[in-house]
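The values are calculated or read from the model by the stated rules, or taken from the named source; none is laboratory data. This is a predicted model, so every value here is computed, not measured. Reconstructed Cβ throughout: ideal geometry from the backbone, glycine too, with neighbour counts over all protein chains shown. All accessible areas refer to the heavy atoms of the entire protein, side chains included, with ligands and DNA or RNA removed. Shrake-Rupley method; radii C 1.70, N 1.55, O 1.52, S 1.80 Å.
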Amino acid sequence: MTSAQDSAPPAIQITGLNKWYGLLQVLHDVNLTVTQGERLVICGPSGSGKSTLIRTVNALEGFQSGEIKVAGLRLTREPAVVEEIRRRVGMVFQQFNLFPHLTVLENCALPLRLVRGLSAAEARDRTMHYLSKVRIPEQAAKYPAQLSGGQQQRVAIARAVAMQPEVMLFDEPTSALDPEMVKEVLDVMVALADEGMTMAVVTHEMGFARQVADRVIFMDAGRIVEQGPPTTFFTAPRSDRTKAFLRQVL
Ligand code: ADP
Ligand code: MG
């Protein structure tokens with residue numbers, strides 16, 4: 001590793017994060033550092049705070065105390081800061097969130113034009129490059145409703161990655177898909193990981209975790225209960241809650 005990489009700030013640094021919805025505390029003193037190039041998988045039972053945690057990172061949710069930094073920039077409520085954080089953090093959701101009235105090409109090109117200030121030609125070229133990477137360049141002129149769920153999710157991934165973020169967050173990207181489409185989306189994510197993208201992925205796809213994760217995190221009731229490399233996480237989980245969870249998903 002070069003000294004430049006050694007001194008680069010972590011992609012994400014979360015310190016002492018607490019969040020409540022009304023009286024319900026959903027994140028309890030969460031500390032998490034994601035280094036540049038790291039592939040993190042976050043798992044845990046429904047309602048454990050996984051979505052809330054990653055949504056706080058790009059300011060889709062606020063929080064009451066603690067600190068979040070993305071590539072060294074501390075997240076505040078200042079609009080210019082929120083905007084910059086969102087430029088650095090790409091996000092893919094369970095529901096693909098494509099604009100139904102725009103073609104695949106337009107879905108990807110629009111944020112490139114509006115947020116990145118690319119010309120129409122540049123936005124089209126970059127979109128086609130990333131649609132090729134997710135293996136659906138031939139779908140560019142179609143509307144989302146004309147695509148399968150797996151194809152729509154690959155468009156959503158291309159759209160986010162085309163913005164060239166510092167880190168990609170995925171919130172259960174395959175949970176809404178028919179089983180036969182899960183693999184085509186995971187394959188695209190594996191390719192992204194192989195290219196060195198920093199990724200934090202909320203998923204119950206433990207095969208994916210074993211294949212690409214540098215570290216697996218288990219959350220329960222708003223806390224990080226256990227974490228480790230997949231080898232030890234899956235073969236020698238320490239907490240009873242992790243063991244019970246793994247019995248259900250493996
Ligand atoms: P997970 O993604 O692990 O299933 P979530 O982060 O979605 O968990 O939810 C964590 C907790 O916060 C749950 O108890 C959930 O009911 C609650 N919660 C999530 N979103 C909201 C909201 N907008 N308002 C109130 N409570 C919420
Ligand atoms: Mg969730």
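Pick out the one residue from 146, 139, 153 that is among the polar types (S, T, N, Q) and touching a Phe, Trp or Tyr at 6+ places or on another chain (Cβ under 6 Å). Only one candidate passes the filter, namely 153. Candidates are the residues of segment 124-150 that are of a type in the set (Lys, Arg) and part of a loop (DSSP other than H, G, I, E, B); the one that is most open to solvent (accessible area, probe 1.4 Å) is 135.
Please enumerate the residues belonging to segment 60-85 that are within 21 Å of residue 197 (Cβ to Cβ) and buried (at least 20 other Cβ atoms within 10 Å of the Cβ). Spell out how you get there, then give the answer.
Of the residues in segment 60-85, the ones within 21 Å of residue 197 (Cβ to Cβ) are 60, 68-73, 75, 84-85.
Answer for segment 60-85, where residues must be within 21 Å of residue 197 (Cβ to Cβ) and buried (at least 20 other Cβ atoms within 10 Å of the Cβ): 68, 70, 75, 85.
Considering segment 195-250, and only residues there that are under 15 Å from residue 46 (Cβ atoms) and without any contact (Cβ under 8 Å) to a residue 12 or more places away in the chain, the residue that is nearest to the chain's Cα centre (by Cα) turns out to be 248.
The single condition among (1) assigned to a helix (DSSP H, G or I); (2) in contact (Cβ under 8 Å) with a residue 40 or more places away in the chain; (3) within 24 Å of residue 33 (Cα to Cα); (4) open to solvent by less than 20 Å² (accessible area, probe 1.4 Å) that residue 153 does not meet is (3).
Could you tell me whether any residue of segment 39-48 is open to solvent by less than 20 Å² (accessible area, probe 1.4 Å), touching a residue at least 40 places away in the same chain (Cβ under 8 Å), more than 16 Å from ligand 2 (Cβ to nearest atom) and within 19 Å of the chain's Cα centre (by Cα)?
no
Put simply, of 98, 102 the only residue that is under 20 Å from the mean Cα position of the chain (by Cα), aliphatic (A, V, I, L, M) and either more than 19 Å from residue 57 (Cα to Cα) or not in a helix (DSSP H, G or I) (or both) is 98. Of the residues making up segment 14-35, those that are touching an Asp or Glu at 6+ places or on another chain (Cβ under 8 Å) and either crowded, with 17+ Cβ neighbours inside 10 Å or not β-branched (Val, Ile, Thr) (or both) are 14, 16, 17, 18, 19.
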